[in-house]
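The values are calculated or read from the model by the stated rules, or taken from the named source; none is laboratory data. Treat the numbers as computed from the prediction; the structure is a model and nothing was measured. Reconstructed Cβ throughout: ideal geometry from the backbone, glycine too, with neighbour counts over all protein chains shown.
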Amino acid sequence: MSRKHNFNAGPSTLPLAALEKAAANLVDHEGLGLSVLEMSHRSKDFEAILAHAKETLAGLLSLPADYDVLFLQGGASQQFAMVPMNLGSGGAYVTTGAWSQKALAEAKVVGEPVEIWTDKADNFRKVPAESEALAVPAGAPFLHYTTNNTIFGTQFHYVPKASVPLVADMSSDFLSRPIDVRPFGLIYAGAQKNAGPSGVTIVVGRKSILESFAGPKWVPTILRYETHAKADSLYNTPPTFGIYLCSLVFDWIRAQGGWRRWPVAPRPRPRASTT
Ligand SMILES: Cc1ncc(COP(=O)(O)O)c(C=O)c1O
């Protein structure tokens, strides 16, 4: 078969090795006599797939022990709403393109965010210079920015400094380069560009943010990070096959050399799900 070139931002090219392994296992997963598509998400077999996906990604990111990974649904667009619902309604936003504008618009549905920097007047031709001090209001619950502006093609080549939790939409450059997660409170990305198929949303964040919900009571259970962190991404039926495919992409990245740039304390073993 001749494979087509695909330069779409997403859903985009997946490593052939990952696709071929998924295809080989589609009907009979590793000799278990059933497909991941048919497997209970509460079974030991799927728990092993989920744990492998999580641990491999944690390894690629050199994830410190006080950070966790969630596999969610709803795309980055759902994160536009979940971030202000969970972290607070008065977030500071840097808008450098269409997606950061959408994030800001959604935050306005939830509360009263502040747009602290925009290049809209110049049709989003640049991002703030590293030397530029961003005027984050005192007491802002977070600073949100988009690391790569998929449509306009502008990308941050540095991590902004913030005295409040830094939140990044990394949808279009997640895993495309080494990421030191330590300056970030929370990172989110739809998997479909670099990390797997559409239908999986990856959230990486500090446990102190993910595990204790401090938002308003009206936020539905399913839209609270705490719900998913406490259930180890198994609160409800997750996109099982998508997570499996992500794990194959993570394996492939690791096989290319992976990234181990930051010496961090070893992570504890994943806890076994009890539900
Ligand atoms: C930077 C960025 N953020 C958010 C989105 C929206 O992602 P989703 O379709 O997963 O909601 C995209 C999609 O292209 C994107 O490129």
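Every residue in region 157-169 that is in a loop (DSSP other than H, G, I, E, B), without any contact (Cβ under 8 Å) to a residue 40 or more places away in the chain and under 17 Å from the mean Cα position of the chain (by Cα), please. It would help to see each step written out before you state the result.
In the first step, residues of region 157-169 are kept if they are in a loop (DSSP other than H, G, I, E, B); the result is 157-165.
In the following step, the residues that additionally are without any contact (Cβ under 8 Å) to a residue 40 or more places away in the chain were identified as 157-159, 161-163.
VAL159, the sole residue that qualifies.
Please work out if THR146 is within 15 Å of the ligand (Cβ to nearest atom), under 22 Å from ASN86 (Cα atoms) and not hydrophobic (A, V, I, L, M, F, W, C). In short, yes. Of the residues THR96, THR118, the single one that is more than 15 Å from the chain's Cα centre (by Cα) and either at pLDDT below 95 or crowded, with 21+ Cβ neighbours inside 10 Å (or both) is THR96. Of all the residues in region 170-207, those that are not in a strand (DSSP E or B) and not charged (D, E, K, R) number 21.
For GLY74, indicate whether it is touching a residue at least 40 places away in the same chain (Cβ under 8 Å) and more than 16 Å from the ligand (Cβ to nearest atom). It would help to see each step written out before you state the result.
Working: touching a residue at least 40 places away in the same chain (Cβ under 8 Å): yes; more than 16 Å from the ligand (Cβ to nearest atom): no.
No.
Among the residues of region 50-57, is there at least one that is at pLDDT below 95, closer than 25 Å to ILE209 by Cβ and out of contact with any Asp or Glu (no Cβ under 7 Å at 6 or more places or on another chain)? Looking for residues that are at pLDDT below 95, closer than 25 Å to ILE209 by Cβ and out of contact with any Asp or Glu (no Cβ under 7 Å at 6 or more places or on another chain), one finds none in region 50-57, hence no.
Determine whether LEU186 is in contact with a strand residue (DSSP E or B) (Cβ under 6 Å, 6 or more places away or on another chain), within 16 Å of the ligand (Cβ to nearest atom), under 30 Å from ILE243 (Cβ atoms) and in contact (Cβ under 8 Å) with a residue 24 or more places away in the chain. Please lay out each step first, then the result.
Working: in contact with a strand residue (DSSP E or B) (Cβ under 6 Å, 6 or more places away or on another chain): yes; within 16 Å of the ligand (Cβ to nearest atom): yes; under 30 Å from ILE243 (Cβ atoms): yes; in contact (Cβ under 8 Å) with a residue 24 or more places away in the chain: yes.
Yes: the conditions hold for LEU186.
Restricting LEU234, LEU248 to residues that are in a loop (DSSP other than H, G, I, E, B), of a type in the set (A, V, I, L, M) and at pLDDT 95 or above narrows the list to LEU234.
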